[in-house]
Amino acid sequence: MPRSNRPRRPRGRDVEPDEDTGLDRLMSAWKRTEVRRGREYLVQPVSAASAQKEYVCPGCGGTVLPGTAHVVVWRSDGVLGDAADLASRRHWHNHCWSIA
């Protein structure tokens, strides 16, 4: 009997992928640690699809517009504790953080 090349899934059960799934969501979840000027920082990328608000970049003083991929940066070795470190996180343009 010859092979059938038709999909073997039941009819009417096609599942549409969510907007939040995919490479953008995967990339936005990758948190990493970087050392700058002797201090340790946590850096979390934010995809363009996830960027919903407007922020001021501390590197250039310009605006990080909604829909612009950027990074969120905060100290990981702060002396005031994790809550204070998270409260002091800042949104940077990718380029501004790379040259900081």
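The values are calculated or read from the model by the stated rules, or taken from the named source; none is laboratory data. A quick note: this is a predicted structure, and the numbers were derived from the prediction, not measured. Ideal geometry is used to build each Cβ from the backbone, glycine not excepted, and the neighbour counts take in all protein chains shown. When the accessible area is computed, the model is the full protein with side chains, heavy atoms only, and any ligands, DNA or RNA have been set aside. Shrake-Rupley method; radii C 1.70, N 1.55, O 1.52, S 1.80 Å.
Suppose R0 equals 30 Å. What FRET efficiency, 1/(1 + (r/R0)^6) with r the Cβ-Cβ distance, do Lys53 and Val79 give to the nearest 0.05? Working from the Cβ atoms, E equals 0.55. Summarising the label geometry, the points placed 7 Å from Cα in the beta-carbon direction at Thr63 and Arg90 lie 1.9 nm from one another. Each residue was assigned an accessible area with a 1.4 Å probe, and for Val64 the value is about 0 Å².
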